[in-house]
Structures are given as structure tokens and as C-alpha cells.
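I have placed the structure first, in the form of C-alpha cells, so that the comments after it can refer back to it.
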Amino acid sequence: MQQVRDGIWHWTSDHPAWREGADWPRLVSSFAYDDGARLVLFDPLGIPEQLERLAGERDTTIVLTSPWHHRDAEEWGPAHGVPIFLPPLDEGDPNEPAGDVFRAGDEPVAGIEARAGMEANDLVLWVRDARVIVVGDTLIDRGSGLEFPESWADKGVPAATIKEGLLPLLDLPIDWVLASHGGPYPRADLERALRA
């Protein structure tokens with residue numbers, strides 16, 4: 001586990017569903033935001049002991065970037081009495097966790113605003129006070145740096161239209177991008193990925 005900046009933690013774990021030939025890396029990232037009173041876990045997998053201990057001292061919540069990024073949330077959250085907030089479920093998918101649903105424009109947790117992402121349930125989370133965004137599959141790293149994965153953007157809308165819809169992120173005071181597929185990236189990488 002490493003500290004990205006004060007109050008922002010990053011760690012990686014082997015994704016249990018990863019298979020040889022997948023177009024995303026085997027290691028996936030999880031993040032935590034600690035403001036001294038509350039702890040927010042984003043897309044958690046393999047939660048480090050240090051954060052488990054801290055969760056017992058804080059008002060703790062789990063926020064998912066997409067419902068399929070439930071990872072350890074659906075077991076760990078209920079076992080520790082930690083609420084889960086997630087974007088709308090995929091219709092008819094019984095494998096996605098229960099929790100409080102939020103959409104783009106909502107604040108699932110005070111100070112964390114859900115922004116439009118690749119689709120209605122793959123959202124970008126802006127943590128205002130920390131000056132970071134947390135992204136699931138909307139921006140990823142497949143080995144060549146942060147990118148908008150156009151090959152994943154087959155959502156009935158042209159990929160270029162989806163990407164253009166992400167440009168307002170550049171108007172936000174963002175210092176870091178916390179990507180579930182990749183590590184933390186400075187703002188310059190966000191600008192390069194969205195303007196490429």
C-alpha cells in the first residue's frame with residue numbers, strides 16, 4: 001500500500017477473474033480516502049490490514065465506480081457493517097451486490113460527486129477536497145499509460161461522442177486520476193488521454 005497524497009491510499013491485488021490473453025492487466029488498483037473522520041474505500045479488493053483497522057475507527061463506506069467492480073465489497077461490507085454505494089445494476093445480473101444506488105449528478109457520499117463516465121453505470125467519482133477523480137473502466141492503463149479504451153466503448157453511442165462527454169473533467173481542479181486498471185496518474189496524463 002502506498003500513499004498518493006495526504007489521505008489518499010493506493011494498493012493493488014490480483015483480480016480473481018483475470019485470464020491469460022485478457023486486454024487488461026492482472027493487477028487491479030483499489031483506493032481509499034481518509035479525511036480524518038471518515039474512510040471511503042473505492043472498488044476494494046484485498047483490503048490491507050492497516051485500512052481494516054482504520055475502518056473500525058472511522059465512519060466507513062464503500063463506493064463503487066461500476067456495479068461489476070464489487071470485488072470484495074459484497075462480502076466485506078456487510079461483514080463489517082459498512083454501507084455500499086454503487087451505480088445502477090446491469091439488468092438481470094444476479095451477481096452484482098446490493099447497496100444504495102446513485103447516478104451521475106448524485107453525491108453518494110458528501111463531497112464525492114458522480115460524473116458521467118463511459119456509460120450510465122460506469123461513472124467517474126470526483127473527490128472534491130482531495131482534488132482527485134476515481135475511474136473504473138472509463139479510463140484505464142493496458143500497458144501504454146492512461147487511455148480512453150475505445151474498444152470497450154461499444155455502448156450504442158460512438159466512442160468519440162462518449163470521449164467528448166468526458167472533456168468537462170478538465171475544467172475541474174484535479175491533481176490525480178485514481179484508475180482501477182492502473183495506478184495513480186497526474187493531471188497531465190488525464191489531459192493527454194482525453195485529448196488524444
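The values are calculated or read from the model by the stated rules, or taken from the named source; none is laboratory data. This is a predicted model, so every value here is computed, not measured. Here the Cβ is made from the backbone with ideal geometry for all residues, glycine too, and neighbour counts use every protein chain on show.
Please find, within the stretch 24-52, the residue that is nearest to the chain's Cα centre (by Cα) out of those that are farther than 20 Å from L86 by Cα and buried (at least 18 other Cβ atoms within 10 Å of the Cβ).
Here the residue is W24.
Screening D175 against (1) under 16 Å from M118 (Cα atoms); (2) surrounded by 13 or more Cβ atoms within 10 Å (Cβ to Cβ) leaves a single unmet condition, (1). Checked against (1) outside any helix (DSSP H, G or I); (2) in contact (Cβ under 8 Å) with a residue 40 or more places away in the chain, A193 passes all but a single condition, namely (1).
Residue check, W76 against (1) touching a strand residue (DSSP E or B) at 6+ places or on another chain (Cβ under 7 Å); (2) of a type in the set (F, W, Y); (3) over 26 Å from A116 (Cβ atoms), all met but one. Which one? Of (1) touching a strand residue (DSSP E or B) at 6+ places or on another chain (Cβ under 7 Å); (2) of a type in the set (F, W, Y); (3) over 26 Å from A116 (Cβ atoms), only one is false for W76: (1).
Of all residues in the stretch 75-86, none are among the acidic types (D, E), within 17 Å of G46 (Cβ to Cβ) and touching a Gly at 6+ places or on another chain (Cβ under 9 Å). Filter the stretch 112-137 down to residues that are of a type in the set (G, A, S) and free of Cβ contacts under 8 Å to residues at least 40 places away in the same chain and give me whichever is farthest from K163 (Cα to Cα). The qualifying residue farthest from K163 (Cα to Cα) is A114. The residues of the stretch 139-148 that are in contact with a Ser or Thr (Cβ under 8 Å, 6 or more places away or on another chain) and free of Cβ contacts under 8 Å to residues at least 60 places away in the same chain amount to a single one, F148. When restricted to residues that are under 17 Å from P25 (Cα atoms) and surrounded by 12 or more Cβ atoms within 10 Å (Cβ to Cβ), the stretch 141-172 contains 9.
When V124, V135 are screened for being in contact with a His (Cβ under 9 Å, 6 or more places away or on another chain), modelled with pLDDT of 95 or more, among the β-branched types (V, I, T) and within 23 Å of P25 (Cβ to Cβ), only V135 passes.
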